[in-house]
């Protein structure tokens with residue numbers, strides 16, 4: 001059956017260039033036609049499957065849009081269909097070239113020929129011209145030289161960024177900004193995981209991101225000047241606390257798996273000095289005499305063992321797990337493998353040290369000594385410090401006669417802070433020594449346990465494995481040392 005068709009177009013929307021509608025305004029074209037038999041008689045009333053296609057020319061060309069077969073009501077041979085209603089037009093369909101042709105296929109019949117050229121109505125032409133400002137178009141507004149300035153646009157106008165090429169950002173495309181750019185309000189990046197405003201910058205949400213770092217900073221320098229990865233300066237003119245950097249990490253996995261580092265620092269340099277962490281605290285006013293300054297403050301709690309500060313050193317010529325230049329105060333028990341004092345050697349202070357080891361005891365022992373001479377009857381009373389009885393118990397005595405052969409005994413043991421020495425001759429010089437065991441409240445509450453079992457996680461391990469002819473893997477600190485070495489090797 002041959003069918004003929006007459007077509008009428010009424011352009012409802014054609015890329016509206018300068019209206020208050022947004023970029024998602026529907027683009028629809030009303031299309032009417034008439035189906036007849038080869039004899040010119042209208043076809044039977046009913047619903048027909050009709051396909052509409054838009055081409056780039058009247059014969060072959062590229063298919064630019066295809067509606068697919070749609071159910072269309074035909075009455076007295078007449079039908080109407082809204083192009084773009086069921087299948088949206090592609091972007092820029094009517095802006096690249098003015099030549100567009102429509103072809104129509106009814107059911108299984110071939111496409112009706114010839115194709116019909118699409119044309120615009122008078123109002124559509126007006127909209128087309130309004131979107132093309134050139135040197136030859138000058139309206140009653142102040143548009144000159146093809147440039148739209150602020151005074152040319154009403155303050156309530158809303159022009160899509162895509163229509164002002166080169167003068168406004170197209171958020172769906174790559175942009176290059178030059179000069180100072182000010183964002184007055186919140187600036188959200190990506191999926192709202194970064195917020196920047198005058199209150200500061202926030203990163204992250206309570207979801208798992210892709211990647212290992214929330215912030216990654218990389219910069220390669222070739223300079224003799226000092227450089228800083230992050231330079232943070234905050235000031236408070238009132239009394240509130242100030243924290244330069246606050247770091248908090250949470251690891252909810254129970255057991256031995258996983259490690260949580262609030263701060264992990266690594267200094268990698270062949271320079272003179274390397275500081276994994278450098279801390280310095282001081283008053284703004286050097287003459288201030290109140291408050292406390294902490295160069296480094298450590299606090300730890302919970303678990304099998306807690307270390308407020310843990311230090312380890314290895315692979316250097318001289319290793320110090322901790323080095324203190326100044327006084328050291330220990331309020332608890334100090335445990336050590338050995339101990340000594342070191343001073344500049346009195347006879348060669350510029351070239352030598354003098355060292356003595358500590359005196360060790362299984363008890364909390366205090367030692368007191370002195371010299372005294374007996375009177376003409378052979379007696380001498382030794383006065384102890386006023387705190388002696390309150391601090392000590394279980395006294396031990398040592399007496400040595402000096403300068404002559406004589407006998408000396410403790411005639412009266414310590415009572416009320418004194419004891420009496422007697423010699424078998426008058427005027428004898430005696431060197432004495434008294435030891436006592438501490439029994440003050442702290443000592444009684446923290447008595448040294450001479451022998452104790454190792455914790456479960458330290459059994460089979462040694463404080464000093466090399467001295468027991470054991471490998472370093474047998475050391476109780478081996479895991480920490482190994483982890484530090486592994487991290488060091490990974491960064492090299």
Seminar exercise, completed: When 379, 89, 341 are ranked with the fewest other C-beta atoms within 10 Å first, the list becomes 341, 379, 89
Problem set entry | Principal axis box of segment 272-394, alpha-carbon based, largest edge first, Å | 69, 43, 42
Problem set entry | Cα Rg, Dmax (largest Cα-Cα span) when computed across segment 220-346, Å | 19.4, 57
Exercise. What is the calculated FRET efficiency for residue 348 to residue 454, with r their C-beta to C-beta distance and R₀ = 35 Å, to the nearest 0.05?
Worked result: 0.20
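Any read-out appearing in this document is the output of simple, stated calculations on the displayed coordinates, not a laboratory observation. It should be emphasised that the depicted structure is a prediction, and the values quoted were computed from it without experimental measurement. No Cβ is skipped: glycine too gets one built from the backbone with ideal geometry, and neighbour counts run over all protein chains shown.
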